[in-house]
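Data block below; observations after.
The values are calculated or read from the model by the stated rules, or taken from the named source; none is laboratory data. Only a predicted model underlies this, so the values are computations on that prediction, with no experimental measurement involved. Don't worry about glycine lacking a Cβ; one is built from the backbone with ideal geometry, like all the others, and counts go over all protein chains shown. The area values use the complete protein model at the heavy-atom level, side chains included, leaving out ligands, DNA and RNA. Shrake-Rupley method; radii C 1.70, N 1.55, O 1.52, S 1.80 Å.
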Amino acid sequence: MQPTLLVLAAGMGSRYGGLKQIDPIGPTNETIIDYSIHDAIEAGFGKIVFVIRESFEEEFKELFNAKLAGKIEVDYVNQEIGKVPEGSVYNLEREKPWGTGHAILMAKDCINEPFAVINADDYYGVEAFTTIAEYLSNSITDEENCMVGYQLGNTISENGSVSRGVCGTNENDHLTTVVERTHIEKLENGIAYKENEEWVQLVPQTTVSMNFWGFTPKLFDYLEAQFTLFLKEEGDQLKSEFFIPSVVANIIKDGKTQVKVLKSDAQWFGVTYREDKEKAVKAIGKLIEKGIYPSKLWA
């Protein structure tokens, strides 16, 4: 059974100033998602599921349905604030959905095979897709899921702070801890994250999660149970977020699964900020020059 790629594309791009998911960076208007899907098809994925918002669903489908027709199966699910487990209570003044864990849960009814998760606005690299596709096809079990781990120094934006899951691993490359740090920044004296108004240094070689996970469908059961509990505890808050690294950390702590960390030395680029786009355009240009991608991605 071929694995599925779940693309988290429901963000509204508040820091970017628009729908960064579909902002073109390639020479013939390709988006970062286009390159990720191309890499996924080449690596052997059989289906793409987009998590999007209802407000831009038609725009999204118009952009991707035609170019992907006949190349890979495509499905869409919507992430909205009100899509919560039956009986859940939350603050009705909330304006944003509940984060990456909630986004993945939206795909529960359309994924029945091992699947990978990526952000729509991050470029992960050809090798990473090949590595995780092989693992999802041959090695993954309910007892051992996986993630692609990147070196922190390769994943920093020059234009502001980023969110990363800071990871700890053991001698078998299994994840021991993962903590979502929502404000990591490159400073004059190195890289650090901000916590309680204090800066904590991190070495560039620190393994971080870029939300490139590999799971079996069993994850959806854990997600639903933890999200129900999360809403009981934090549902009244306007800006609380249900992060997938927190879910994974709890599953590991409870002894329900292990997570194999598949290492990547790839140089990340993405479009967290509007100023990141120029760097992304140049990076894609260099990959085209090297022959990794054709100048026109979809024939």
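Annotations
- Search result, residues across region 146-184 that are among the acidic types (D, E) and surrounded by 16 or more Cβ atoms within 10 Å (Cβ to Cβ): E180
- Among the residues of region 12-25, those that are modelled with pLDDT of 75 or more and surrounded by fewer than 23 Cβ atoms within 10 Å (Cβ to Cβ) comprise I22, D23, P24.
- When residues of region 255-281 are limited to those that are open to solvent by 10 Å² or more (accessible area, probe 1.4 Å) and touching a Cys at 6+ places or on another chain (Cβ under 7 Å), the one nearest to D34 (Cα to Cα): L262
- Residue check: E241 meets all listed conditions (1) part of a loop (DSSP other than H, G, I, E, B); (2) open to solvent by 20 Å² or more (accessible area, probe 1.4 Å); (3) within 30 Å of P27 (Cα to Cα); (4) touching a strand residue (DSSP E or B) at 6+ places or on another chain (Cβ under 9 Å) but one, namely (3).
Quick grid of which residues meet (1) under 30 Å from T4 (Cα atoms); (2) touching a residue at least 60 places away in the same chain (Cβ under 8 Å):
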| residue | (1), (2) |
| --- | --- |
| L187 | no, no |
| P204 | no, no |
| V208 | yes, no |
| F215 | yes, yes |
| L219 | yes, yes |
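- Among the conditions (1) out of contact with any Lys or Arg (no Cβ under 9 Å at 6 or more places or on another chain); (2) of a type outside the set (F, W, Y); (3) part of a loop (DSSP other than H, G, I, E, B); (4) within 18 Å of K47 (Cβ to Cβ), the only one that A116 does not satisfy is (3).
- Residues satisfying the stated conditions in region 85-130, i.e. among the β-branched types (V, I, T) and surrounded by 14 or more Cβ atoms within 10 Å (Cβ to Cβ): T100, I104, I111, V117, I118, V126, T130
- Against the conditions (1) assigned to a loop (DSSP other than H, G, I, E, B); (2) open to solvent by less than 40 Å² (accessible area, probe 1.4 Å), G285 satisfies every one except (1).
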